[in-house]
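Undergrad: Take a look at the following structure, please.
The values are calculated or read from the model by the stated rules, or taken from the named source; none is laboratory data. These numbers were taken from a predicted model, which means no experiment stands behind them. Heads up, the Cβs are rebuilt from the backbone with ideal geometry, glycines too, and the neighbour counts pull from every protein chain shown.
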Amino acid sequence: MADNGLDKFVTGMVFGAAMGAVLGLLLAPKPGSETRQIVRERAGEYLDVARERAGEYAGPVRERAEGYIGTARERVSNMRRRGNQEAAEEQVSAPVLEDE
């Protein structure tokens, strides 16, 4: 995930290879049942690769998200504290109105 451009390129290459393999199988002169079986097997292989790759990215993405959530919570807490302080200061400095 360090180089987003490289990640996109590699993902595109893998996707392109998968699509090429599927098209090659579909256009090959084999019986339909045999071709469908090959497509199922290859699709399962590519699905396994995709799951593995997703698993590799899940941890870092989760860590980054947790960092953002922690920062947001801290900022909200600071804003609440400042708001409470300002409200308390306004209450102290507000003139007291007497009943007439």
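Undergrad: For the subset of region 2-14 comprising residues that are assigned to a helix (DSSP H, G or I) and of a type in the set (A, V, I, L, M), which member is surrounded by the most Cβ atoms within 10 Å (Cβ to Cβ)? Don't jump to the end; show me each part of the working.
TA: Filtering region 2-14 for residues assigned to a helix (DSSP H, G or I) gives 4-14.
Checking which are of a type in the set (A, V, I, L, M) leaves us with 6, 10, 13-14.
Details: Leu6: 10, Val10: 12, Met13: 10, Val14: 14.
The extreme case among them is Val14.
Undergrad: Any residue in region 51-61 that is modelled with pLDDT of 80 or more, touching a Leu at 6+ places or on another chain (Cβ under 8 Å) and not β-branched (Val, Ile, Thr)?
TA: There is no residue in region 51-61 that is modelled with pLDDT of 80 or more, touching a Leu at 6+ places or on another chain (Cβ under 8 Å) and not β-branched (Val, Ile, Thr).
Undergrad: Same structure, new question: For region 63-99, what are the residues that are modelled with pLDDT of 85 or more and either within 30 Å of Lys8 (Cβ to Cβ) or of a type in the set (Gly, Ala, Ser) (or both)?
TA: Glu63, Arg64, Ala65, Glu66, Gly67, Tyr68, Ile69, Gly70, Thr71, Ala72, Ser77, Gly83
Undergrad: Does any residue in region 3-21 that is among the aliphatic types (A, V, I, L, M) come within less than 7 Å, Cβ to Cβ, of a residue that is surrounded by 10 or more Cβ atoms within 10 Å (Cβ to Cβ) six or more places away or on a different chain, and which pairs are these?
TA: Pairs found: Ala18/Tyr46; Ala21/Arg42.
Undergrad: Looking only at residues that are β-branched (Val, Ile, Thr) and over 30 Å from the mean Cα position of the chain (by Cα) in region 15-67, which one is surrounded by the fewest Cβ atoms within 10 Å (Cβ to Cβ)? First the steps, then the outcome.
TA: In the first step, residues of region 15-67 are kept if they are β-branched (Val, Ile, Thr); the result is 22, 35, 38-39, 49, 61.
Checking which are over 30 Å from the mean Cα position of the chain (by Cα) leaves us with 35, 38.
Numbers: Thr35: 15, Ile38: 17.
The selected residue is Thr35.
Undergrad: Is one or more of the residues making up region 31-38 within 30 Å of Asp7 (Cα to Cα) and in a helix (DSSP H, G or I)? Before you say what the answer is, go through the steps one by one.
TA: Taking region 31-38 and keeping what is within 30 Å of Asp7 (Cα to Cα), we get 38.
Narrowing the set further to residues that are in a helix (DSSP H, G or I) leaves 38.
Yes, region 31-38 has at least one match.
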